[in-house]
Amino acid sequence: MAEFALIDLIRKRCAILRADVALGIGDDAALLAVPSGQLLAVSTDTLVAGVHFLHGADARDVGWKSLAVNLSDMAATGAEPAWATLALTLPGADARWVEPFADGFADLARLHRVALVGGDTTQGPLSITVTIHGFVAEGAALTRSGARAGDGVYVTGTLGDAAAGLRMVLSKQAGNAHLLERLHRPTPRVAQGLVLRGRATACIDVSDGLVADLGHICTASRVGAAIDADALPASPALLAAFDIPDRRELQLAGGDDYELCFTAPDEVAPGLLRELHDSGCAATRIGRVVAGSGVRVRDASGNPVAIAHRGWEHFA
């Protein structure tokens, strides 16, 4: 397949119309209209075969996940997603792979009305780079730097499922369908990020592992955090498949869940938790922001919990 035929294939399968796209795929640059009174939120993520997804992974799942990880960044910022660009590096222009990839990308894009407005294609080892653009009113964005001592620490959904699914795949265990779905098709918590605006004091998405990502909030906010390992929300599938030590490791350091970890003062918590539940994804309190630095993990009896590693880190 020739390069421009490949681009046309992607354009047709990912066609989502938006009134704020004055000029989309097919020119040297897209022309896009940012609504008055809104800031433009932008985030970029790259997925590399063999690092972020397994060689031979289902192309449709890879397409979904390549957009999901970017939408999760929009959620953590409290931004409403709008546009995306896609830079696709392929060993060869294989339509049999690109067609389901584009369909998976479009499956999720349609759910969030994200228009693909441009990008690039090139030959090389398989990797996918997506840049997402969204809107957030000035002063309303969620950041990592607002947590205060005394705030509660919360997470949406459940933790450890994606890492558990990956462990099952790598060990060639019979994979639980729920855990594999969480690994291959994460759900970005965009609606929940919008609920958090104006109430959460800090927010981050859990991509590299809870301890590592909460640690970024602590560093940016110049505080510490104390969390209860026994309070971490777990799915029935995770509870059934792993014992306590393995489960804790997966939940604390596994990553790839793309849930939101946020902090909020006690006075707003009851109403906020109700709204999150009503939005379709409940949140759980797992600890408190404290003076100091770093993340401390204890069990319900107050005993320190050892952590073999704190989460994913490139170049480590």
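Could you check the range 243-273 and list, in sequence order, the residues that are over 23 Å from the mean Cα position of the chain (by Cα) and assigned to a loop (DSSP other than H, G, I, E, B)?
Asp243, Pro265
Of the conditions (1) over 30 Å from Lys65 (Cα atoms); (2) surrounded by 14 or more Cβ atoms within 10 Å (Cβ to Cβ); (3) touching a Gly at 6+ places or on another chain (Cβ under 9 Å), Glu249 satisfies every one except a single condition; which number is it?
Going through the list (1) over 30 Å from Lys65 (Cα atoms); (2) surrounded by 14 or more Cβ atoms within 10 Å (Cβ to Cβ); (3) touching a Gly at 6+ places or on another chain (Cβ under 9 Å), Glu249 breaks only (1).
What number goes with the only condition from (1) in a helix (DSSP H, G or I); (2) at pLDDT below 95 that Leu276 does not pass?
All conditions pass for Leu276, except number (2).
Does Ala84 meet the test of being closer than 19 Å to Arg11 by Cβ and surrounded by 23 or more Cβ atoms within 10 Å (Cβ to Cβ)? Don't jump to the end; show me each part of the working.
On the way: closer than 19 Å to Arg11 by Cβ: yes; surrounded by 23 or more Cβ atoms within 10 Å (Cβ to Cβ): yes.
Judged against the criteria, Ala84 is a match.
For the structure I just gave you, tell me whether Ala82 is closer than 22 Å to Leu183 by Cβ and not aromatic (Phe, Trp, Tyr).
When the stated conditions are applied, Ala82 does not pass them.
Filtering the range 203-229 down to residues that are charged (D, E, K, R) and modelled with pLDDT of 95 or more, which residue is surrounded by the fewest Cβ atoms within 10 Å (Cβ to Cβ)?
The selected residue is Arg222.
Quick check: is even one residue across the range 215-233 in contact with a Phe, Trp or Tyr (Cβ under 6 Å, 6 or more places away or on another chain), closer than 29 Å to Leu180 by Cβ and not in a helix (DSSP H, G or I)?
No, the range 215-233 has no match at all.
Could you tell me which numbered condition Leu232 fails, if it satisfies all but one of (1) more than 21 Å from the chain's Cα centre (by Cα); (2) more than 28 Å from Thr46 (Cα to Cα)?
(1)
Quick one: is Gly134 over 30 Å from Ala19 (Cα atoms) and either of a type in the set (Ser, Thr, Tyr) or at pLDDT 95 or above (or both)?
On the way: over 30 Å from Ala19 (Cα atoms): no; either of a type in the set (Ser, Thr, Tyr) or at pLDDT 95 or above (or both): yes.
The answer is no for Gly134.
Give the residue that is surrounded by the fewest Cβ atoms within 10 Å (Cβ to Cβ), with candidates limited to residues of the range 156-191 that are within 22 Å of Glu80 (Cβ to Cβ) and among the aliphatic types (A, V, I, L, M).
Across the range 156-191, the extreme among qualifying residues is Ala191.
The values are calculated or read from the model by the stated rules, or taken from the named source; none is laboratory data. What you see is a predicted model, and the numbers here were worked out from it, not measured in a lab. Here Cβ is always computed from backbone atoms with ideal geometry, including for glycine, and neighbour counts include all displayed protein chains.
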